[in-house]
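To keep things clear, I will list the structure first and then write my remarks on it.
The values are calculated or read from the model by the stated rules, or taken from the named source; none is laboratory data. Computed from a prediction, not measured in an experiment: that's the story for all the values here. Ideal geometry is used to build each Cβ from the backbone, glycine not excepted, and the neighbour counts take in all protein chains shown. Side chains included, ligands, DNA and RNA excluded: accessible areas come from the protein's heavy atoms. Shrake-Rupley method; radii C 1.70, N 1.55, O 1.52, S 1.80 Å.
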Amino acid sequence: MANLATTYMGLKLKNPLVVGSSGLTSSLEGVVACDEAGVGAVVLKSIFEEEITAEVDGVVASGRTPYMHPEAADYVRNYGMENAVGRYISLVSEAKKAVSAPVIASIHCVSATGWLDFAKRVEAAGADALELNVFVFPSDPEHDGRANEQVYMDAVRSVKEHTSIPVAIKIGSFFSGLAHTAAGLCEAGVDAIVLFNRFLRFDFDLEKMELVRTGHLSSPDEMYPTLRWVSILAGQLECDLAATTGIHDGAAVVKQLLAGATAVQVCSAFYKHGISHAGVILGELGSWMDSHDYASVADLRGKMSQETSSNPASYERVQFMKDSVHKK
Ligand SMILES: Cc1cc2nc3c(=O)[nH]c(=O)nc-3n(C[C@H](O)[C@H](O)[C@H](O)COP(=O)(O)O)c2cc1C
């Protein structure tokens, strides 16, 4: 039987399947269920910087939410701000006592340092690692890309200076120089980059003439941008890569590992099929490895990255030169 064990950010994982930050990991029961399902690690639901700094008083209610992630606004409306920090710290320490899988805390940040003291408390509570979910919405014409990206770099630098647990950063793909940014994050000391975050989507309701939430969960064909970029970045960066978005089955996990990912994060497939789907995914991964004579995850990691390819240009081909869509 193939050995699924791997090392992610220096942490020993029994397999590369990680439950991504979400409602699945917002309670002790949820975290225990993930652990019992056999996953390699869990990323706790993010605490939002706005909850930590408690700067939202009057802001959510007034609808003025310039720097607030919509999910934070929802969360605050639903659960209130009271003792969010205390509850989160308790979740970290209780989860650590209850499960054997590494527990990765998660902070959604909109600034580089507003949450630093909290990061130290998370470490003291026993978190095995910290994942920063940083997103600076690039919608302000006054802010150039360099200024926005500096927030990501400074966040990593400051948290690495003030804590000693491994740190991952989860990013979206809205960077004009993605590979350069990723290299900068590694240079700033990050232990892993998680790509790509999947953001909330909205649609227009044409009758009510208002915004409506849509596409809460991913579909399997959303994994291709991640597959491309993991393949391209894997051979170029010193830090680990975790793949996320659209990974729903064992074949998708195999592909991301072949691209060069060290770990994969899954949420939507667990929402759709239940956390027991982890066993299905791991079974498919193990069977594929057995039938293709891979004894360990390390043996297959990066086997199809751009770096190892005899045709690296094909990884950067993005336009249709001819009509290659065959009509029936
Ligand atoms: C209901 C829900 C809540 C989520 N909450 C968070 C969160 O608090 N922090 C975070 O970094 N990502 C959050 N995510 C994003 C997931 O961690 C993941 O990156 C995204 O869903 C893509 O993976 P998937 O295709 O497997 O769902 C959430 C996703 C869902 C569906």
Can you order the peptides 84-96, 195-207, 310-322 by their average number of other Cβ atoms within 10 Å per residue, highest first? 84-96, 195-207, 310-322
Any idea how far the Cα center of the range 237-281 sits from the one of the range 129-206, in Å? 20 Å
When Lys and Arg each count +1 and Asp and Glu each count -1, what net charge do the other residues less than 15 Å away from Glu94, Cβ to Cβ, add up to? +2
Where labels lie 7 Å past Cα in the beta-carbon direction, separation of His292 and Tyr271 in nm: 2.9 nm
What spacing in nm lies between the two simple spin-label points modelled at Ser173 and Asp140, each 7 Å away from Cα in the Cβ direction? 2.6 nm
In debye to the nearest 20, the charge dipole size for the range 80-228, taken about the Cα centre with +1 at each Lys and Arg Cβ and -1 at each Asp and Glu Cβ, equals 460 debye
Residue order for Glu123, Glu36 - accessible surface, 1.4 angstrom probe, largest first: Glu36, Glu123
Would you please give the residues with an amide H less than 5 Å from that of Asn133, counting only those at least 5 places away or on a separate chain, with H modeled from the backbone geometry? Ile107, His108, Cys109, Lys170
Between Glu238 and Asn3, take the C-beta separation as r, use R0 = 30 Å, and let me know the FRET efficiency to the nearest 0.05. 0.75
Taking all protein chains as present, what is the carbon and sulfur share of the accessible area of the range 6-316, in % to the nearest whole number, probe 1.4 Å? 51 percent
How large is the accessible surface per residue of the range 6-316, computed with a 1.4 Å probe and reported in Å² as a whole number? 45 Å²
The chain: antiparallel bridges as % of DSSP beta bridges, rounded to 5, reads 20 percent
Under a Cβ-only charge scheme (Lys and Arg +1, Asp and Glu -1), can you give me the dipole magnitude of the chain about the Cα centre, in debye to the nearest 20? 660 debye
Of the listed links Lys45/Lys255; Lys272/Lys303; Lys12/Lys160; Lys160/Lys303; Lys45/Lys160, those spanning more than 23 angstrom between alpha carbons are Lys45/Lys255; Lys272/Lys303; Lys160/Lys303
Rg and Dmax of the range 208-328, using alpha carbons, in Å: what are they? 16.7, 57
Along the positive direction of the dipole of the range 6-316 (beta-carbon charges: Lys, Arg +1; Asp, Glu -1; about the Cα centre), which of Phe204, Gln150, Ala313 reaches farthest? Ala313
Could you bin all the Cα-Cα distances of the chain into 10 Å bins starting at 0 and give me the percent of pairs in each, rounded to whole numbers? 6, 25, 35, 24, 9, 2, 0
